[in-house]
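What follows is one structure encoded as structure tokens, with my remarks underneath.
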Amino acid sequence: MQLTPHARAKLAVAALTAALVLGPLGTARAQVAEFETNHSLFHEQPTKTNMTVYSPSGDLEVTPTNALSLRAGWSADVVSGASVAVKAGPTYQNIHTGADVVTTASVHDFRNVAHGGFTFRKDIVSFTGGYSYSIEHDYQSNSFNVSARTEPLEHDTQFELGYAHNFDQVCNRVQTAGNPATLDHALEDSTGCFTSAPTRTTDPISIDTLQASWSQAWTPSFMTQVIYGVQVTDGFQSDPYRTVVIAEGIQAQEHVPNERTRQSVSLKANLYLRPIKAALRLSLRGYDDTWAIQSETGELEFEKYLGESFRVLLRGRVYNQTGAVFWSDDYTGGNAPLGPKGQYWSGDRELSPFWSWLGGVRALYTVTPKHGRLIGIMTRFKVGLSFDVENFTYTQFTLGGVPIGNAYAYFGGLSINALF
Amino acid sequence: MRMSILLAALALAGTASCVTVRPQQRAVLADPVMQFDGESKAEALRVHAIENREGAFGGTGVAGGGCGCN
């Protein structure tokens, strides 16, 4: 068979590429595959709102050589429930006695995320790259991430630097050109989103995330990790469906600043308690952002082996945050001092001051055959069950002046992992 | 203040360079219960649900996509 010069050139380029990519990997033979599926169920039902989210996921990772791992996976959120659609403050409620100024909207969504990536290892250094694409009725996301990691000093020290960039889009209602934000109307529903419907548009969101970590083994049973993360978000960050009463008879779409810079420092410490064959893990995090939210998080986990294959985890978590500088529960409508609280307004309880506690338990059972393989194919099989309950105490957020006293959220999880 | 933190971190890093856990002593450190990112995929779903109800972020990986804000 005669090849044309062009075909020969293409063949040479392909061969060279294959040699460059596969050449360094040729000597190692790992050939391991790992499959994991996770299923979680989240439910919360505070006053006026409720939300149930089922999240399945499936991930496959293959390691054809010691130097290379390839990953692909899918996850989803199936959302059903209600959320606050119109928010007014307690003073408005006092003026309009008996008026139900807080309404809710039913929410049904199906978020799909597909992702893939690779890790390349050479000596004490590894490089990871990945991409994920997600779509839901009113939101689309393209996200790229890269990271580099090194483990000097006999692997006692680990440094990792990671970066991710999101090109996201959120669906919104077409607003009247030239109008101030005070006249913006909320998105009614997601019908027509990401189509050429004349009443729909998209707003871009750009997210840059940078994270650096240092992990250190100090003794044969004690190690620590310090993580610094910074995230810069630029774009439409409000809830497009929510309106806030900002003046007598005026309801405007929620409106918050387009720019937000967030940073956090985390300190983690793991201690193995040899006499009782258990691990104690402590995690502390401080957070600060340009919306003036500051938060502190403390989490303590205790995980103990019961026999060789069974382990049980108990955990507790406490979280506290201040509210965004522009957040208020008193968007009342009317003249000052009862009028809008300034340039921005939000009815978002996640931006309000609150604290929460969480308690949880997890059980994991791992089967690792000493000889041969399970049913002839698996070198390890692992199944886990978890349950957590979280309680939120909102210090200012109310629904028309009525405090929320039953803000509990429940998480249930099932995990199955097989190594081939 | 920031300079003090930086100097303290550098001092700590310097101390770390003197510490060596020998390979034969690493069995416990390699145990799954001692990993900082143990059961990461299962934990990611839980963290995703929690973070969407809080104003904060951080302490986990950088990868991720989508809003899932409900």
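Readers should treat all values here as calculations from the given coordinates under stated rules, not as data from a laboratory. Being a predicted model, the structure only gives us computed values, none of them experimental. FYI the Cβ positions are ideal-geometry reconstructions off the backbone, even for glycines, and counts take in every protein chain you see.
What is the calculated FRET efficiency for A:PHE310 to A:LEU284, with r their C-beta to C-beta distance and R₀ = 25 Å, to the nearest 0.05? Write down the numbers at each step before the final one.
Working: r = 29 Å, r/R0 = 1.17.
Computed FRET efficiency for A:PHE310 and A:LEU284 comes out at 0.30.
Other chains' Cβ within 10 Å of A:210-221 residues: what's the mean? Don't jump to the answer; show the numbers that get you there.
Values: counts 1, 6, 0, 3, 4, 2, 7, 9, 5, 5, 8, 7.
For peptide A:210-221, the averaged partner shielding equals 5.
Note the per residue figure in Å³ for the convex hull of the C-alpha positions in segment A:35-128.
Working: hull volume 12.4 nm³, N = 94.
Dividing the Cα hull volume of segment A:35-128 by its residue count gives 132 Å³.
So what are the ³J(HN,Hα) numbers for segment A:183-191, from phi and the Karplus equation (6.51, -1.76, 1.60; θ = phi - 60°), rounded to whole Hz, Gly and Pro as x?
Computed from phi, the couplings for segment A:183-191 are 9, 6, 9, 6, 5, 6, 7, 8, 4 Hz.
What does the charge dipole of chain A about its Cα centre add up to, to the nearest 20 debye, if the Cβ of each Lys and Arg holds +1 and the Cβ of each Asp and Glu holds -1? Please report the intermediate quantities before stating the final value.
Working: 31 positive and 39 negative charges, 358 e Å.
Roughly 1720 debye for chain A.
Using just the C-alpha positions of segment A:270-420 as equal point scatterers, what log10 of I(q)/I(0) does the Debye formula give at each q in 0.10 1/Å?
Here the Debye-derived log intensity ratios amount to -0.57.
So who's got an amide H within less than 5 Å of the one on A:HIS185, skipping anything under 5 residues away but keeping other chains? H placed 1.01 Å off N, in plane.
Close amide H contacts, sequence-distant or interchain: A:GLN253.
How well do other chains shield peptide B:22-35, expressed as the mean number of their Cβ atoms within 10 Å of each residue Cβ? Spell out each step's value before the answer.
Values: counts 3, 3, 1, 4, 5, 3, 11, 11, 1, 8, 7, 15, 10, 4.
Mean shielding by partner chains, rounded to a whole number: 6.
If you count, for every residue in A:111-122, the Cβ atoms of partner chains within 10 Å of its Cβ, what is the mean? If you can, show how the numbers build up before the last one.
Working: counts 5, 1, 4, 1, 4, 0, 1, 0, 0, 0, 0, 0.
Per residue, the number of nearby Cβ atoms from other chains is 1 on average.
Per 0.36 nm of contour for each residue apart, how much would the distance between A:SER196 and A:VAL62 grow if the chain were fully extended, relative to their Cα-Cα spacing?
Values: separation 134, 0.36 × 134 = 48.24 nm, distance 4.06 nm.
Net length gain for the segment: 44.2 nm.
What list of ³J(HN,Hα) values in whole Hz, one per residue of segment A:405-420 in order, does the Karplus curve 6.51 cos²θ - 1.76 cosθ + 1.60 (θ = phi - 60°) give from phi, with Gly and Pro shown as x?
x, 10, 7, 10, 10, 10, 10, x, x, 10, 10, 10, 9, 10, 10, 10
Using only Cα atoms and rounding to the nearest 10 degrees, what angle (0 to 90) does helix A:5-22 make with the longest principal axis of chain A?
Orientation of helix A:5-22: about 90 degrees from the principal axis.
Select from A:PRO64, A:THR243, A:LEU300 the residue farthest towards the positive end of the dipole of chain A; place +1 on Cβ of Lys and Arg, -1 on Cβ of Asp and Glu, and compute about the Cα centre.
Projecting each Cα onto the dipole axis, the largest value belongs to A:PRO64.
Net charge near A:THR128: determine it from the other residues with C-beta under 13 Å of the C-beta of A:THR128, scoring Lys and Arg +1 and Asp and Glu -1. Spell out each step's value before the answer.
Working: positive: A:ARG71, A:ARG121, A:LYS122, A:ARG149; negative: A:GLU61, A:GLU160, B:ASP37.
Value of the local net charge: +1.
In sequence order, what are the phi-derived ³J(HN,Hα) couplings for segment A:123-134 according to the Karplus relation 6.51 cos²θ - 1.76 cosθ + 1.60 with θ = phi - 60°, rounded to whole Hz, with x for glycine and proline?
Couplings: 6, 9, 10, 9, 10, 10, x, x, 9, 9, 10, 10 Hz.
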